[in-house]
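The values are calculated or read from the model by the stated rules, or taken from the named source; none is laboratory data. Bear in mind the structure is a predicted one, so any value in this text is a computation, not a measurement. Neighbour counts are summed over all protein chains in view; Cβ atoms, including those assigned to glycine, are modelled from backbone coordinates with ideal geometry.
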Amino acid sequence: MNKVLTGDKEQKPPVLLEVRNLKKYFPIQAGFFRRTVGHVKAVDGVNFFIREGETLGLVGESGCGKTTTGLVILRDSEPTEGEVLFNKDGELVNLFQVPKREMKAFRREMQIIFQDPFSSLNPRMTVMDIVAEPLRIHGIAKGDELKAQVRELLEAVGLKAQHMNRYPYAFSGGQRQRIGIARALALRPRLIVCDEPVSALDVSIQAQTLNLLEDLQKEFGLTYLFIAHDLSVVEHISDRVSVMYLGNIVELATAEELYENPLHPYTEALLSAVPRTDPDHIPQRIILPGDVPSPANPPPGCKFHPRCRYAVEICSSEVPAWRELRPDHWVACHRAEELELVGIAYD
């Protein structure tokens, strides 16, 4: 993360995005009259912030609410409750109070890279049209200037100008994702939500794409919310990492602190599955019993307690408080102070 030095003190960059008590419930309807009989609590009280120029990793199993969180932040989906504050000209503005007709100005500063490079690109549009679409919608460029900007964007992501007139089917998965990245960069946004941008790619291509995202972050001064289901993917690209389980963030810390000193049993289990290159490292894989509970009927107390090997009576009856146990290390676990969990050496 970029830092500013002022005299002998280190000054952190300002907060670009702050999420407060974010909730997103989807109604469950049944019967002839489609009455609401319950709710799927996809996001159930999420809190975090991202500073300018940093990458916050958001990690958790499939279905835990990561993508929904990203979409609600971008206001692609309206929230049930909570606030998303975006730094606009030095002032934190609650995006949920901005009229929809005025959201266009904010959308220039917030973009998304989708998970699937095969379904996120319109097969009937050329690369030129795909990358140029945001520029046309916002009236930024046209004619030769438009082509010049698209050419510049393609070259920035490692593609060639002669690719402009081709269609998506002519590209590999990694190349398609680069097209998606170029499209996200078109408006020169400040924040990009990366929704599992490498999960559909081969391992060798994943590393190339992650390196590209890091290079672009430095070149364009980008801030990332990097969503993934694998802690090994976010290990080096993230400044801080938040771990999500069943609609809640259960732990948040700097990458180094979280990998070496986890405080939540769920984080410990995820870390045990991270592959290591050290031949002397013998992993002690933690297999969680059972399945992830339904977000329509979550367990009482700590949502993780039915699968937690450290659970005690209080875990099934009281919701653990979200608290800062160490400097910049937040956790929601009743036993965080007393447990000695196993992490991994941070490379």
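I'm checking my understanding of the structure. Among residues of region 247-258 that are crowded, with 24+ Cβ neighbours inside 10 Å and of a type outside the set (V, I, T), which one is nearest to R20 (Cα to Cα)?
The selected residue is N248.
I'd like to check something: does region 219-240 contain any residue that is of a type outside the set (G, A, S), free of Cβ contacts under 8 Å to residues at least 12 places away in the same chain, over 27 Å from L22 (Cβ atoms) and surrounded by fewer than 20 Cβ atoms within 10 Å (Cβ to Cβ)?
Start the filter on region 219-240 by keeping residues that are of a type outside the set (G, A, S), which leaves 219-220, 222-227, 229-231, 233-237, 239-240.
So of that shortlist, the ones also free of Cβ contacts under 8 Å to residues at least 12 places away in the same chain come out as none.
For region 219-240, residues of a type outside the set (G, A, S), free of Cβ contacts under 8 Å to residues at least 12 places away in the same chain, over 27 Å from L22 (Cβ atoms) and surrounded by fewer than 20 Cβ atoms within 10 Å (Cβ to Cβ): absent.
Out of curiosity, is G301 in a loop (DSSP other than H, G, I, E, B), at pLDDT 95 or above and at positive phi? Quick ask: steps written out before the conclusion?
Working: in a loop (DSSP other than H, G, I, E, B): yes; at pLDDT 95 or above: yes; at positive phi: yes.
Yes, satisfied.
Sort out which residues of region 99-141 are of a type in the set (A, V, I, L, M, F, W, C) and more than 23 Å from the chain's Cα centre (by Cα), and write them in order of number.
In the first step, residues of region 99-141 are kept if they are of a type in the set (A, V, I, L, M, F, W, C); the result is 103, 105-106, 110, 112-114, 118, 121, 125, 127-128, 130-132, 135, 137, 140-141.
Once the filter is applied, which keeps residues that are of a type in the set (A, V, I, L, M, F, W, C) and more than 23 Å from the chain's Cα centre (by Cα), region 99-141 yields M125, V127, M128, I130, A132, L135, I137, I140, A141.
Go through the residues of region 47-59 one by one and say whether even a single one is in contact (Cβ under 8 Å) with a residue 60 or more places away in the chain and over 20 Å from A255 (Cα atoms). First the steps, then the outcome.
Step one: of region 47-59, the residues in contact (Cβ under 8 Å) with a residue 60 or more places away in the chain are 47-48, 50-59.
If we keep only those that are over 20 Å from A255 (Cα atoms) as well, we get none.
No; the residues of region 47-59 include none that is in contact (Cβ under 8 Å) with a residue 60 or more places away in the chain and over 20 Å from A255 (Cα atoms).
Of everything in region 296-317 that's out of contact with any Gly (no Cβ under 6 Å at 6 or more places or on another chain) and touching a residue at least 60 places away in the same chain (Cβ under 8 Å), which residue is farthest from L246 (Cα to Cα)?
Restricting to residues being out of contact with any Gly (no Cβ under 6 Å at 6 or more places or on another chain) and touching a residue at least 60 places away in the same chain (Cβ under 8 Å), the top hit is N297.
Need the failing condition index for P295 against (1) of a type outside the set (D, E, K, R); (2) touching a strand residue (DSSP E or B) at 6+ places or on another chain (Cβ under 6 Å); (3) at pLDDT 95 or above; (4) part of a loop (DSSP other than H, G, I, E, B), just the number.
(3)
Which residues, taken from region 26-58, are touching a helix residue (DSSP H, G or I) at 6+ places or on another chain (Cβ under 8 Å) and within 21 Å of P299 (Cα to Cα)? Talk me through it step by step, then tell me what you get.
At the first step, the residues of region 26-58 found to be touching a helix residue (DSSP H, G or I) at 6+ places or on another chain (Cβ under 8 Å) are 42-43, 46, 53, 55, 57-58.
Across region 26-58, the qualifying residues are A42, V43, V46.
So the check is Cβ under 9 Å with 6+ separation or different chains; which pairs have a first residue in region 329-347 that's surrounded by 18 or more Cβ atoms within 10 Å (Cβ to Cβ) and at pLDDT below 95 and a second one that's in a loop (DSSP other than H, G, I, E, B) and of a type in the set (D, E, K, R)?
I344/R276
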